[in-house]
Each structure stands twice: as structure tokens, then as C-alpha cells.
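Presented below is the structure to which this report refers.
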Amino acid sequence: MVLEFLDSLFSFEMMGSEFGLGSIILSALFMLIGFVIARIVKVIFGKKFAPKMPEHTAKNVGKFLYYGIILIAFGVVITSQGIDLGGLVIAGGIFGVVMGFATQSVVSNLISGFF
């Protein structure tokens, strides 16, 4: 009810989707919740699991968890606004295949150097 009222006060259209003040506030709230959850997970990881790992590994895993949760929250916010991420996912897949072919010889030489 309140969000519908805020949407009626201020709304605009961009990229084929209509955005209202209520939906923008709700998106900001979801992102804030995402940041809080990411911080909580990073702190729990730092207290429970990080002492059992090497220092640099624990630091990198903590960053990966933190930014991964924020990225998931951002994806949820974007899709909740009606923006389609299908093209971006396809482009990322193609980029991954290209990078795989490009680094194939480097990885092959690296592995053969170990054995």
C-alpha cells in the first residue's frame, strides 16, 4: 500500500521497465540486507573457519564469500526490477569459452611443468 503510493508519486521508464519510488526504496533495502548478510557471513567465516586455514587462503575465501553474496543480492535486485539478465549470462558464457581456449596452452605448459 505504501509502496504503491510512492510509485504513484514518482515513476519513470527506462530500458522498457517502469521504475517507481517505492520499487527503488525496496531495491535499496534489499541491497542493504545483502550487505548486512555478507558482512555477517564474513565475520562468522573469520571466527569459525579462518583460523584453521593459511592466512592468505582465509583472506581470499572471505573476500570471495563477501563479494559473492553482494553479487547475488545485486542480481536479485536487478531481476526484481524487471531487467532481463539473460543476454549478460550468455555473453559471460561465451567469454568463458573464449578464455578457456585462449589459456589452454598456458595451462597445459603449467601442468606439464609440474610433472
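The values are calculated or read from the model by the stated rules, or taken from the named source; none is laboratory data. Quick caveat: nothing in here was measured; it's all calculated off a predicted structure. Neighbour counts run over all protein chains shown; Cβ positions are idealised from the backbone, glycine included.
Figures for the structure shown
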| read-out | value |
| --- | --- |
| First in segment 74-88 and closer than 21 Å to Gly22 by Cβ, second anywhere and surrounded by 12 or more Cβ atoms within 10 Å (Cβ to Cβ) and of a type in the set (Phe, Trp, Tyr), Cβ under 9 Å, 6 or more apart | Val76/Phe30; Val77/Phe30; Ser80/Phe30; Gln81/Phe19; Gly82/Phe19 |
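Each row is one residue, and each column tells you yes or no for (1) among the hydroxyl-bearing types (Ser, Thr, Tyr); (2) loosely packed, with under 13 Cβ neighbours inside 10 Å; (3) modelled with pLDDT under 80; (4) within 18 Å of Phe74 (Cα to Cα).
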| residue | (1), (2), (3), (4) |
| --- | --- |
| Leu9 | no, yes, yes, no |
| Phe12 | no, yes, yes, no |
| Phe19 | no, no, yes, yes |
| Leu32 | no, yes, no, yes |
| Ile37 | no, no, no, yes |
| Phe45 | no, no, no, no |
| Lys48 | no, yes, no, no |
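Conditions (1) surrounded by 11 or more Cβ atoms within 10 Å (Cβ to Cβ); (2) on the phi < 0 side of the Ramachandran plot; (3) assigned to a helix (DSSP H, G or I), marked per residue:
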position	(1), (2), (3)
Leu26	yes, yes, yes
Leu29	yes, yes, yes
Tyr66	yes, yes, yes
Ile70	yes, yes, yes
Asp84	yes, yes, no
Val97	no, yes, yes
Val106	no, yes, yes
Gly113	no, yes, yes
